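The structure appears right after this line, and notes come after that.
Readers should treat all values here as calculations from the given coordinates under stated rules, not as data from a laboratory. Keep in mind it's a predicted model, so treat the numbers as computed, not measured. For neighbour counting, all protein chains shown are included, and Cβ atoms are generated from backbone atoms with ideal geometry for every residue, glycine included.
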Amino acid sequence: MTRTAQVEAQLSAMAAAADRTNRPASLLNIPLLLVLGALLLAAWEFRDMQAQRAMLRREQERVQKVTLLTEQIAAERKKELNVQTLYPPAPFFGSQVDEIWKSQGITFRESPSVGAVTKADVFVGSPVVRSEVACSVSSEPVESVVAWIQSIQEHEYLKGRVFVSQILLTPLPTGWRAAFRVGLYEPKS
């Protein structure tokens, strides 16, 4: 029995079909897809774990900073506050304010009025008082008044401590009327 080419082709096709049914590729594809899915899930979980570790590291650093700051605050609170160092006494504050315009060569037509030093507690029970001196001039050039205030603020014993708490300038036909208060903080005596 001779086989024709057509029969040979049919036999070959049937053999290939039988071979495919004996080795189903779909059974291989399912485990392959499962392995691929597991790898993707593992990669996703690994990435999530890395992000969680980074967040944990940042939180640990933040806790360390807070702990350090808390310790520094506690140490500062234990230190004794020395009011004398922060706000040294100014026993001659009123006379210094009065002498500054003379020593700086600031001229006024009439001598300025410099009041007595007034003291007031900063708050109830405070170890610090606010000392103020009221000053006034009348019918003077505004430049002289400003020069006097600047000289008070730049005086070697008052620089960085004194402040102007109030100022009132009123124009007059012959110059300016100026009333101002300068103050500083000092320990309660």
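Of the Cα atoms belonging to the range 30-189, the radius of gyration and Dmax stand at 32.1, 108 Å. For the pair residue 80 and residue 164, a Förster radius of 41 Å applied to the C-beta separation gives a FRET efficiency near 0.80, rounded to the nearest 0.05. Compared with the dominant principal axis of the Cα atoms in the chain, helix 5-22 is inclined by about 50°. Between the Cα long axis of helix 142-154 and the first principal axis of the chain there is an angle of about 70°, rounded to the nearest 10. Between helix 93-103 and the chain there is an angle of about 80 degrees, using the helix long axis and the longest principal axis of the Cα atoms.
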